[in-house]
Structure formats: structure tokens, C-alpha cells
Amino acid sequence: MTAPLPAADTPIRVLLVEDDEDVRLGSAQALMLAGFGVIECGSVEEARAHVQAGAPLVVLSDVRLPGLSGLQWLAEVQAVDAQLPMILVTGHGDIAMAVGAMRQGAWDFIAKPCSADTLVSAVRRAADKRRLTLQVEQLRAQLEGRRGVESTLLGGSVLMERVRAKVAALAATSADVVIYGETGTGKELVARCLHEQGPRRGANFVALNCGGLPENLAETELFGHEAGAFTGASKVRIGKLEHAKGGTLFLDEIESMPMGLQVKLLRALQERSIERLGSNVARPIDCRVVAAAKEDLQRASEQGRFRADLYYRIGVAFVELPPLRARREDIPLLFEQFTLQAASRYQRAAPLVTPAQLAALMAHPWPGNVRELRNVADRFVLGLLDDSLLPGSGAGIAPSATGLAPPPGVAAEPAGDAGAPMRPLPQQLEDFERAVITQALRQHGGEVAAAARALGIPKQTLHDKLKRLNVSAAEFKAQA
């Protein structure tokens, strides 16, 4: 049975397995002086009960022991928890034994006699690794505990709560939807959520980016063609509208669809049938249309850049996605998720964000929105960034008039957006304070005392801030 994950601030103890009483005493004293709690055992049989999946432990074991040897026990420990660091110590080993142990999964291999500094240094590195592993597992468990729309569209801001509520309501219908949002805000993610949480989830989700496609190629993509319809058409091709039968057709950047193709799409949607290129046979279609645009289609239709009749045909319901700079309180949770995903993808430990790094993330204008944040998380996991997490060039950071970075919580306006209204400073500072506090509560499973220690403030002060910011610690206990 898997033990519940420990709180993020649970200290990592050392399970010391050594049959020589004098050596065990000396090692235990050195480790306790370094601040570690130590569980002393004289054999594997005695130590075995302490090894459980998710235990906040580092195993430090002699190789030569009465009964089962430390090297033989390694495989058993790995079977219980493959991420549990195990350090082997021996005075009888050689290079071949060390290499073999490391290949079997040992964290480190120390030869006797060794100094106290060497021992403590190895254990401290293993403990840091174990702490990170447990924190990653805890955060992953929290994220996996989310269900439905909430598991896909993350964020605790009021803006995202509204988006989730609207998406949840629309997902249960087959109404056509237009999604508005800047580049990188997650329009396709919302479209997939509408599909996967709705009655059409058993059929295909078919995506087509309308930007940059020549009209003749886009027509083939949408409607398909018969063999011999044009030079190079050697076989029948099923178009996106047919392929989405019973499912959802997602038209990204629909504002860039050529006018001639807009006419044909409108006719297909009105008649619910299409004719492949090179064919006179009408074929029925049955799909929900979800379109995405970076600009107001109604305004574009008034300016003659988009057909008004198509706008009114697909514009049944609308979802507007806020830019990341308008919901900065969501940045810690989003970055946390992207870091975990990147760590899993690249087989790396998920590093923890420092308060200074979080301040940099909160202050950045994020012209690339959530997509840019995901890329930063990838580079963070790969170790390609400095302590600020944001490269000085090429990251889309808009320079200020003074050349200085904005203070934490104050958004530098993106280039070309100088006329946009800036939120009042007190509101921005309050959003930043709320984000830092919720991040601490999330990492410590809603334990106010532990979060206060991590933030370096008295427990009562944190209680006062929670009340003022209308943040509930109980919510994070429920997620833990």
C-alpha cells in the first residue's frame, strides 16, 4: 500500500544500516550534527520496515551485513520506490562493484574509510534530490486530482473562473463557438476542452489553421477532392469537414480565411453538405464548428474583411480568453504545471522557483502569453536560464524608458500597447502578494504555519493577510 505523500516541508531523515556499532555511532553523530534525523539499524531485516513508497528518507547502507547484503537489498528498495536514494558504503568494494551498484540504481557509492565531510556531503545531495522528488510527486498528485474543465483550464483568477464556467456550459451543447484571444492564450486548448467535455467527444477533433494557406489548398483541405480532380490528385482525399463527422471542426485564425473560401464554407454549413473537388455528389456533414480569432470578427465584417453572413452563422456563442498579463495571479500555478510536464518529458528533476524568480515571472509582460510561459518552463528545467528565468534578449521583454526592469508585480507594457490602460499599482501589488502566498500554501499543503515559515513572516501576520486577500488555506489542504 502506498503511503500518503508527506508535506513539502517534511524533513528528510537518514536510514543508517551498519552492523559495526562503533562505525554506526560515528556516522550517526556526524549526520545529526549536520542537522539530519537518523534511524539506526544493524541489519537489513531490521531496516526493511522503514522503507515505504514516498517515505521522506535517504538510505545509507553498508554492503557487507549479516543476512542480506546491502547490494542485494538495493533491488528490493528499488522495487518499493525506484526514486528512493540509496547510498552504499563498503571497505571491501572495488571499481567493478561500484559501477555495478550504480547501474542497479544506487544513488552513490562511498569507500571506507571516509571523512565525516564526505559522508555528510553525499547524504545532503541525496536528501536534496529526495525532497525535490517528493515535492514533484505531491504537485503532480494535486494536478491529477483535478477533473473535467478544471483539469484543462488552470487558474484561480476570477477571469479564468468565468472562462471555465462558460466553457463547461457550452461543452454540454453542440452550439458553434467563436474563441477570441491573443496569440498563445490557449484558444486550441479551449476548443479541445469544448470537444472532450461534450457529447461529441467520441468522434474526431479536426483542426485546420486558416492562416497562410493558399485558397486552392485550403479548399482541398476543407472539402477534399476526387482522384484526377487536378494535376497531382492521384487518389481520393477526405476533407476536414467530412473527417470531423460527428465531432468538432476547429478553424484557427479564421479571420485570415480567403473571401472566396468563406462563401463556400458558409454554403456548406447552411446546407450541411459538401461536394468534393471534382465531384457533383453532395455528401452530408455533421460537425460542430469552433473558430478562433485574434480580432473581432464583427468589426472585421463591418470593414469588409470578413463576410458578415458567415460571422452571424458561426457566431452563436463566444469565449474570450484573457491575456496572461491580466491574470498574473495564475502564473505560479501555470508555471508549476509546465515545470512538472517539462521535467517528465525531459526526464529531469523539477527545480523549485525561488521568490526572486517568481517576482521576475510576475513582472514580465508576457507578450507570448501562456505559450511563452511554457517555453520558459522548458528552458528552466533544462538549465538554460540564469537566476532571473528570463533571458535579457529574445524573450519579448519590452524595455522601459529608463532601461530598468519593472519592480515585482508591476507590468511593463508590451511594445505597441502604450495606449492600453495600466491597472492601479495597489491592485498589481495585491495580485502579486496573493500569488506568492497561494504558491506557498500550495507547496505546503495548506499548512499556514509551514507557509509562514517559508515566507519568513509570523503565523498571525499570514492569517491577517489571508483574511484581507480573501484566500482560504483549507482549499489547499483539500488539494494536498
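Table: residues versus (1) at pLDDT 95 or above; (2) buried (at least 17 other Cβ atoms within 10 Å of the Cβ); (3) closer than 19 Å to E320 by Cβ.
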position: A175; (1), (2), (3): no, no, yes
position: I179; (1), (2), (3): yes, yes, yes
position: T183; (1), (2), (3): no, no, yes
position: C193; (1), (2), (3): no, yes, yes
position: F205; (1), (2), (3): yes, yes, no
position: N216; (1), (2), (3): no, no, no
position: L222; (1), (2), (3): no, yes, no
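Of the residues contained in the stretch 227-239, none is found to be in contact (Cβ under 8 Å) with a residue 12 or more places away in the chain, charged (D, E, K, R) and not in a strand (DSSP E or B).
Looking only at the stretch 335-347, decide whether some residue is touching a strand residue (DSSP E or B) at 6+ places or on another chain (Cβ under 8 Å) and open to solvent by less than 60 Å² (accessible area, probe 1.4 Å). Checked the stretch 335-347: no residue is touching a strand residue (DSSP E or B) at 6+ places or on another chain (Cβ under 8 Å) and open to solvent by less than 60 Å² (accessible area, probe 1.4 Å).
This table checks each residue for (1) over 30 Å from Q347 (Cβ atoms); (2) open to solvent by 20 Å² or more (accessible area, probe 1.4 Å); (3) at pLDDT below 90; (4) in a helix (DSSP H, G or I).
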site: G26; (1), (2), (3), (4): yes, yes, no, yes
site: E40; (1), (2), (3), (4): yes, yes, no, no
site: E45; (1), (2), (3), (4): yes, yes, no, yes
site: A49; (1), (2), (3), (4): yes, yes, no, yes
site: L60; (1), (2), (3), (4): no, no, no, no
site: W73; (1), (2), (3), (4): no, no, no, yes
site: E76; (1), (2), (3), (4): no, yes, no, yes
site: A82; (1), (2), (3), (4): no, yes, yes, no
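Among the residues making up the stretch 441-480, those that are over 15 Å from Q138 (Cα atoms) and touching a residue at least 40 places away in the same chain (Cβ under 8 Å) are A450, R453, A454. Among helices (runs of 4 or more DSSP H) entirely within the stretch 297-387, having at least 3 residues that are in contact (Cβ under 8 Å) with a residue 12 or more places away in the chain and within 30 Å of E137 (Cα to Cα) singles out 331-346, 355-363, 369-381. Considering (1) at pLDDT 90 or above; (2) over 18 Å from the mean Cα position of the chain (by Cα); (3) not aromatic (F, W, Y), the lone condition that V376 does not fulfil carries the number (2).
Residue-level check: of (1) open to solvent by less than 50 Å² (accessible area, probe 1.4 Å); (2) part of a loop (DSSP other than H, G, I, E, B), V289 misses just (2). Assessment of the stretch 312-325 against the conditions (open to solvent by 30 Å² or more (accessible area, probe 1.4 Å) and under 23 Å from A440 (Cα atoms)) yields at least one matching residue. Yes or no: the stretch 359-367 includes at least one residue that is at positive phi, of a type outside the set (S, T, Y) and buried (at least 22 other Cβ atoms within 10 Å of the Cβ). Within the stretch 359-367, one or more residues are at positive phi, of a type outside the set (S, T, Y) and buried (at least 22 other Cβ atoms within 10 Å of the Cβ). For the stretch 240-257, enumerate the residues that are assigned to a helix (DSSP H, G or I) and open to solvent by 10 Å² or more (accessible area, probe 1.4 Å). The answer is K240, E242, H243, E255, S256. Checking L277 against (1) at pLDDT below 90; (2) surrounded by fewer than 21 Cβ atoms within 10 Å (Cβ to Cβ); (3) under 30 Å from R131 (Cβ atoms): exactly one of these is not met. Which one? So the condition that L277 fails would be (3). Listed conditions (1) more than 23 Å from Y311 (Cβ to Cβ); (2) in contact (Cβ under 8 Å) with a residue 24 or more places away in the chain; (3) open to solvent by 50 Å² or more (accessible area, probe 1.4 Å) are all met by G212, apart from (1). Selection over the stretch 263-296 of residues that are among the aliphatic types (A, V, I, L, M) and more than 24 Å from T220 (Cα to Cα) gives a count of 0.
As for the stretch 151-160, it holds at least one residue that is at pLDDT 80 or above, exposed (fewer than 14 other Cβ atoms within 10 Å of the Cβ) and within 27 Å of the chain's Cα centre (by Cα).
The values are calculated or read from the model by the stated rules, or taken from the named source; none is laboratory data. Values in this document were obtained by computation on a predicted structure and should not be read as measured data. All Cβ positions, even for glycine, are placed from backbone atoms using ideal geometry, and neighbour counts span all protein chains on display. In case anyone asks, the SASA skips ligands and DNA or RNA and just uses the protein heavy atoms, side chains included. Shrake-Rupley method; radii C 1.70, N 1.55, O 1.52, S 1.80 Å.
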